[in-house]
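This report refers to the structure that appears directly beneath it.
Any read-out appearing in this document is the output of simple, stated calculations on the displayed coordinates, not a laboratory observation. Note that the structure is a prediction, hence the values are computed from the model and not measured. Glycine also receives a Cβ, built like all others from the backbone with ideal geometry; neighbour counts cover every protein chain displayed.
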Amino acid sequence: MCLAIPGRVVSIADIDDALMAEVDFGTVRKQVCMHYIPDVKVGEYVVVHVGFAIQRLDEESARETLADFRKLGILEDELGDGFTRAARQAGIDQGTGR
Amino acid sequence: MTGATESHDTIDFEGWVCPVPLRDTPFIVMGHGGGGAMSAELIEHLFLPAYGAAATADLGDCAVLSVGGSTLAFSTDSFVVKPMFFPGGSIGDLAVNGTVNDLAMSGATPLFMSTAFILQEGTSVGELGRIAQRMGAAALAAGVRLVTGDTKVVDHGSGDGVYINTAGIGVIADGVNINAYRAQVGDAVLISGDVGVHGIAVMSCREGLEFGTAVESDTAPLHGLVAAMIATGTDLHVLRDPTRGGVSASLNEIARASGVGIELVEQDIPVPETVRDACALLGLDPLQVANEGKLVAIVPGEAADLVLQAMQAHPLGRSACRIGTCVPDHAGMVVAKTGMGGTRVVDLPLGEQLPRIC
Amino acid sequence: MKYLDEFSNPDLAKKLLDQIHAATTQSWALMEVCGGQTHSIIRHGIDQLLPEGVEMIHGPGCPVCVTPLEIIDKALAIAALDNVILCSFGDMLRVPGSTQDLFMIKSGGGDVRVVYSPLDALNIARQNPDKEVVFFGIGFETTAPANAMTVYQAKRLSIKNFSMLVSHVLVPPAMAAIMESPTCRVQGFLAAGHVCSVMGTSEYPPLAQRYRVPIVVTGFEPLDILEGIRKTVIQLEEGRYELENAYPRAVQAEGNIAAMTMLREVFEVTDRTWRGIGMIPQSGWRLSDRYLDLDAERRFDVADIHTDESTLCRSGEVLQGLIKPHECAAFGTQCTPRKPLGATMVSSEGACAAYYAYRRLDVVDAR
């Protein structure tokens, strides 16, 4: 089920009419079936489970999530927790400074 | 225990370690050779009772014997690795270095070794020759003499290529007393370098698992490193080479034998990127992956820096570091402080390391 | 590794934890659905860092654990046959049937091989044309596309000596079954991220509404888990029960269309027994009629093997958070990781196995 990890597509080839790719997991490389990401491009990240890419990894979304994590708590430091939610709901952005 | 729900406070947690020894496996399975809990049970519940009074020690990796005025170390090990050649070594290198290291972990200087082969009919003579050459080279490098040997051939199908048994004798200097039961509260836990390298190198070329990696086995003779550590004048308490079952198995054995708890700091454990990545791919714990050229040392806390300096000055200990401490809590167990600030139990692996999907 | 390391950053974990602590004003019982998430929680000690009131109930473990005893007994019977090579994921080898596991079959001469991918089993079939090669095809929706493609390829390439023993399970029906229990304590779900990578998220809003339970699609790294918990707790505190996606880098609402197309081609929904839980209607996949010739249950004579689950095992109650593992009479005695009775003791991330390995520490410390 769940052990799926992100890797970067290094090269793509057709083997037995199945779309296969060499995928780079940091320092480890493995042949991965790309049948379910048919328009995959070299350089893209995919999420791989038991030798199959099951989804693209959206790099921009990953960066956004991390950026959101970094912003967490900054408002609270300034305003205290009760205000935070109200402020967030009111659409006030972070950045009031410390 | 037949009581129901109210009984949990009285459960003997210690007694759980080996619930129904051997009774649940009437046959030998691979896990009995995995160096984990099942191997330990086989010794404790089959060999020791069967040998009875003939067994004078705990049948551990290496026996320490008094002969005349000398203290000898005596050890034997069998090698069945598949594939026989892997990145960074072969079954021949392991057969020599493995026994050298078993001796070295008692502080011995290895002197003599026997080599015995069990060959399957049809094994390539060329391949056997290459294995034997690697053994000769490894013995020369380690400074041990190969002094006796034997060869047997079994029917095609009843063996699998080449099996090697080696036994070795070494001599232990006066005043050296290194033993698994000597770990004490306050002792430092040291490791001589990166963990998990050998196991990943072998797995990378195993059928059905093949993956590309630059990892090479770390197989190496460790007695020189041990000699450098002894030369510091430190009373080294325990040494272990964490082969099958990895660092996790070795430290669990030590914790149990000595009746101390061991607390590791996960971030301090040197796991190379290559091992981390391969473990992430296969779902393995680097602490349970085999090493063939590393040792863990339990030394008095105040001597840790001195021993580390000596290790780091030796080619096989350059990235030696401290990874934990022996503590009075949770005696017999190994725990690790995680990077997140939590704690986890580092358990004795049950048997063979298998890639998991979930 | 990129996109793993960044999501294990301790400083960001601390921020998320602070947020969870600040948001929690009362006790909440959350369930992480996926065994991989349980593994991560235990592996990183995350449960110890949560506010006292936030309890994690470990979900149905993993597909390996919930594979019914009867199917395992069938696999064992097939693996013991001469001329058969049984290929399996590594985790399955140690899972016991009624009297044996695959390791024991192997020790008795059975040809049992561990593969990383089901496609490796197909290659073994091509290399061994005189043998029958059977793949033990288990898994949740995450694994199903790989198994489906393998069956599809075997048919297309006319690899006659290949078949698959299929026991696929589906996550949303299991979540519904857990919520249906009148005594269920689960107040919020961390949904299984990689299941959603394949299937998308459309099955969850109706569940969230029907059972008035927040469902947050959650990943597997420490920060992912904490973000899933944070979003769930905030929903609970605010009285909301919606679907949220805390794993957007790998989960799109529509899922993987190509994979779902293949799944519809190869599989059909069926009732499925979950080990230790019982039968859950429409909670599994079997091979569809077009692929029945590749069904190992048909190819080999195992239809007569019927095995009942243990009556001692109370893992169903454990899964719902009704009892703690040690409150089951069989726990630690008839049921251990070496000889597990139910799903939750089978894999190291099952609730009972985790408790067995892990709670030892608390008890020793308490002495």
So what is the diffusion coefficient of the stretch B:101-260 in µm² per second by Stokes-Einstein at 4 °C and 1.567 mPa s, using a Kirkwood Rh over Cα pairs? 71 µm²/s
Taking the alpha-carbon centroid of each part, what is the distance from the stretch B:107-127 to the stretch C:56-80 in angstrom? 42 Å
Cα-based Rg and Dmax for the stretch B:180-345, in Å, come out at 15.4, 49
Once you place label points 7 Å from the Cα toward the Cβ at residue C:18 and residue B:302, how far apart are they in nm? 4.1 nm
Between the alpha carbon centres of the stretch C:259-294 and the stretch C:225-249 the gap in Å comes to 30 Å
Along the Cα→Cβ direction, 7 angstrom out, place labels at residue C:127 and residue B:318. What is the inter-label distance in nm? 3.6 nm
Mind telling me which of B:195, B:147, B:171 comes out most flexible in a GNM of chain B, alpha-carbon contacts under 10 Å? B:147
Chain B: DSSP helices with Cα axial extent of at least 20 Å and average Kyte-Doolittle hydropathy no lower than -1.0: B:125-142
Within a Gaussian network of chain B (alpha carbon springs, distance under 10 Å), most fluctuating of B:282, B:111, B:146: B:282
Test of understanding: what is the full-extension gain from residue C:327 to residue C:253, defined as 0.36 nm times their sequence separation minus their Cα-Cα distance? 22.7 nm
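Please give the FRET efficiency for residue B:82 paired with residue A:68, using the beta carbon to beta carbon distance and R0 = 45 Å, rounded to the nearest 0.05.
Values: r = 48 Å, r/R0 = 1.06.
Between residue B:82 and residue A:68 the formula returns 0.40.
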Take the alpha-carbon centre of the stretch B:156-232, take the same for the stretch B:37-78, and report the distance between them in whole Å. 19 Å
Give me the compactness ratio for the protein assembly as shown, meaning the Cα radius of gyration over 2.2 N^0.38 Å. 0.96
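From the P(r) of chain C, could you give the percentage of C-alpha pairs in the tail past 32 Å? Don't skip to the answer; put the middle values down first.
Numbers: 21868 of 67161 pairs.
For chain C, the fraction of Cα-Cα distances above 32 Å is 33 percent.
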I'd like the per residue volume of the convex hull spanned by the Cα atoms of the stretch B:60-172, given in cubic angstrom. 104 Å³
Given the DSSP H assignment, sum -39500 (n - 2.57) over each helix run of at least 4 residues in the protein assembly as shown and divide by its residue total; what's the result at 222 nm in deg cm²/dmol, nearest 500? -9000 deg cm²/dmol
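Of the DSSP beta bridges with both residues in the stretch C:185-328, give the percent that are antiparallel, rounding to the nearest 5.
Numbers: 7 of 14 bridges.
Taking every DSSP beta bridge within the stretch C:185-328, about 50 percent pair in antiparallel fashion.
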Roughly what would the spin-label model give for residue B:51 and residue B:127, points 7 Å off Cα along C-beta, in nm? 3.3 nm
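Where Rh is the Kirkwood radius over the Cα pairs of the stretch B:261-316, the temperature 37 °C and the viscosity 0.692 mPa s, what D in µm²/s does Stokes-Einstein return? Walk me through the numbers before you get to the answer.
Details: Rh = 13.5 Å.
Here the translational diffusion coefficient equals 242 µm²/s.
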Give the calculated FRET efficiency between residue B:66 and residue B:145 to the nearest 0.05, with a Förster radius of 30 Å applied to their Cβ-Cβ distance. 0.85
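Which FRET efficiency value, to the nearest 0.05, is calculated for residue C:293 and residue C:4 with the Förster distance at 45 angstrom and r the Cβ-Cβ distance? Intermediate values should be presented prior to the final figure.
Details: r = 41 Å, r/R0 = 0.91.
The value I calculate is 0.65.
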Square roots of five times the Cα gyration tensor eigenvalues for the stretch C:29-82, Å: 35, 11, 6
Please find, in a Gaussian network model of chain C (springs between Cα atoms separated by less than 10 Å), the residue of C:117, C:163, C:197 whose mean-square fluctuation is greatest. C:117
Would you mind finding the longest exposed-site-free stretch of chain C, with exposed GluC sites (Glu not before Pro) meaning DSSP loop and at most 12 other Cβ atoms within 10 Å? C:53-237
How big is the antiparallel share of DSSP beta bridges in chain B, given as a percent to the nearest 5? 75 percent
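From the alpha carbon gyration tensor of chain B, can you work out the equivalent ellipsoid semi-axes (sqrt of 5 times each eigenvalue) and give them in Å, largest to smallest?
Numbers: eigenvalues 179, 131, 104 Å².
Calculated on Cα positions only, the semi-axes equal 30, 26, 23 Å.
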Cut-off under 12 Å on the C-alpha distance; same-chain residues fewer than 8 positions from residue A:41 excluded. Which aspartates and glutamates are left, in chain and number order? A:22
Taking every other residue with Cβ under 12 Å from the Cβ of residue B:281 and scoring Lys and Arg +1, Asp and Glu -1, one gets +1
Going Cα to Cα from residue C:106, which lysines come in below 21 Å? Please leave out same-chain ones fewer than 8 positions away. B:82, C:74, C:131, C:339
